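Chemist: To start, I am sharing the structure in question, which I have written as structure tokens.
The values are calculated or read from the model by the stated rules, or taken from the named source; none is laboratory data. Since we're looking at a predicted model, the values are computed, not measured. Note that we place each Cβ from the backbone using ideal geometry, even for glycine, and neighbour counts take in every protein chain shown.
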Amino acid sequence: MPADLGCSASTGRLAAEVAFAFACWTGAYKFLAVFGATRHFSREWRCRMVTVAHACLVTALAGWDLASFRRNAVYWEMQGQPYNCLERLLFTVCLGYFRFDLAWCLLHRTEGPLMLLHHCASVFGLAMSLFGCRWAPELTITIGGSECTNPLLQMRWFLRNSGRGNSPLRSQLLLVVELTFLVSFCLMRLCVGGCLTVSYLANPATDFLGRLGAVTMFGIGLGFLGQVFGQAARRIRRAKSGENLQRLANLRRDEGEDDAAANLRLDDGDRILHSNNNGFQLRHSKI
């Protein structure tokens, strides 16, 4: 497939395609709101289901493109090239989704500044690439590498907010998902992303806006990584606090306090810890 075949579309047609993609993602969200099996779920649950669908779709498209049409190319030589038809579809789908998700985040005010910065940078970079017909290989790799870990992130949220109690199986599954997400997130954002960013900056053929975008997205990835590790540290501290509460309750029982009073004290401590955790989740709901 010629690399510049996708660049033959006019600006008006590209804008119409992006608007159609935005309407499709919005329609999927609205469909989940009225569909019988999912209409009783929260609006964040429905938004995250759309996010999962987007992540799976664009990861598949990016992988297909890199494996089929750019498999014999060297990344150093690909940087800055125009997009082909498949990459044009990929960028259109992504741009429509990020417009939808940015509008959703602004409407419901659930995200922090870092996530809003990520969405704004994504919309700007995708629009510049799509309408300027440039940066296709590097954006394809960025999309595939960053979105392939997103289903694990959403599965983690679904498990933590399923409301089905803390069964041993659910706790073990959550631990496996969290560890897998943490390892893959670090690998893709820090290792692969860092190597590609250094390679991009070292290439004299890349332009200023492309370099600025590479540094911006890598910096945002580091910010997300800091949030993930920060939340992990808070969970460890919360687990230790829960153990301390349990030991205190056992000590009270040994000192003669009845079981009902000790359990009430333990439940009060658990409610405080749980409310603190929910506050963090509300402000950083996509993390």
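Chemist: Looking at the structure I just gave you, is L66 under 21 Å from T142 (Cα atoms) and at pLDDT 95 or above?
Modeler: Details: under 21 Å from T142 (Cα atoms): yes; at pLDDT 95 or above: no.
In short, no.
Chemist: Further question on the same structure: Pick from R247, R235: which is in contact with a helix residue (DSSP H, G or I) (Cβ under 9 Å, 6 or more places away or on another chain) and at pLDDT below 80? Quick ask: steps written out before the conclusion?
Modeler: On the way: R247 fails: in contact with a helix residue (DSSP H, G or I) (Cβ under 9 Å, 6 or more places away or on another chain).
Checking each option against the conditions leaves just R235.
Chemist: Are there any pairs, at least 6 apart or on different chains, whose C-beta atoms fall under 7 Å, with the first in the range 21-37 and more than 13 Å from W104 (Cα to Cα) and touching a residue at least 60 places away in the same chain (Cβ under 8 Å) and the second of a type in the set (A, V, I, L, M, F, W, C) and surrounded by 11 or more Cβ atoms within 10 Å (Cβ to Cβ), and if so, which?
Modeler: Correct list of pairs: A21/V93; A21/L95.
Chemist: Filter the range 169-221 down to the residues that are hydroxyl-bearing (S, T, Y) and not in a helix (DSSP H, G or I) and list them by number. Outline the logic, then answer.
Modeler: Within the range 169-221, the first condition is being hydroxyl-bearing (S, T, Y), and the residues that meet it are 171, 180, 184, 197, 199-200, 206, 216.
Listed by number, the list holds a single entry, T206.
Chemist: Determine whether S129 is among the hydroxyl-bearing types (S, T, Y), over 19 Å from the mean Cα position of the chain (by Cα) and either at pLDDT 95 or above or within 22 Å of L209 (Cα to Cα) (or both).
Modeler: Yes; evaluated as a whole, the condition is true for this residue.
Chemist: A follow-up question, please. Determine, yes or no, whether G12 is closer than 30 Å to R160 by Cα, small (G, A, S) and modelled with pLDDT of 90 or more.
Modeler: Working: closer than 30 Å to R160 by Cα: no; small (G, A, S): yes; modelled with pLDDT of 90 or more: yes.
It is false that G12 is closer than 30 Å to R160 by Cα, small (G, A, S) and modelled with pLDDT of 90 or more.
Chemist: Would you pick out the residues in the range 187-218 that are buried (at least 17 other Cβ atoms within 10 Å of the Cβ), without any contact (Cβ under 8 Å) to a residue 40 or more places away in the chain and either closer than 16 Å to T149 by Cα or of a type in the set (D, E, K, R) (or both)?
Modeler: Scanning the range 187-218 gives a single hit, F218.
Chemist: Out of L212, L175, L222, L190, report the one residue that is modelled with pLDDT of 75 or more, more than 24 Å from T142 (Cβ to Cβ) and either touching a strand residue (DSSP E or B) at 6+ places or on another chain (Cβ under 9 Å) or not polar (S, T, N, Q) (or both). Can you show your working first?
Modeler: Working: L212 fails: more than 24 Å from T142 (Cβ to Cβ); L222 fails: more than 24 Å from T142 (Cβ to Cβ); L190 fails: more than 24 Å from T142 (Cβ to Cβ).
Being modelled with pLDDT of 75 or more, more than 24 Å from T142 (Cβ to Cβ) and either touching a strand residue (DSSP E or B) at 6+ places or on another chain (Cβ under 9 Å) or not polar (S, T, N, Q) (or both) holds for just one of L212, L175, L222, L190, which is L175.
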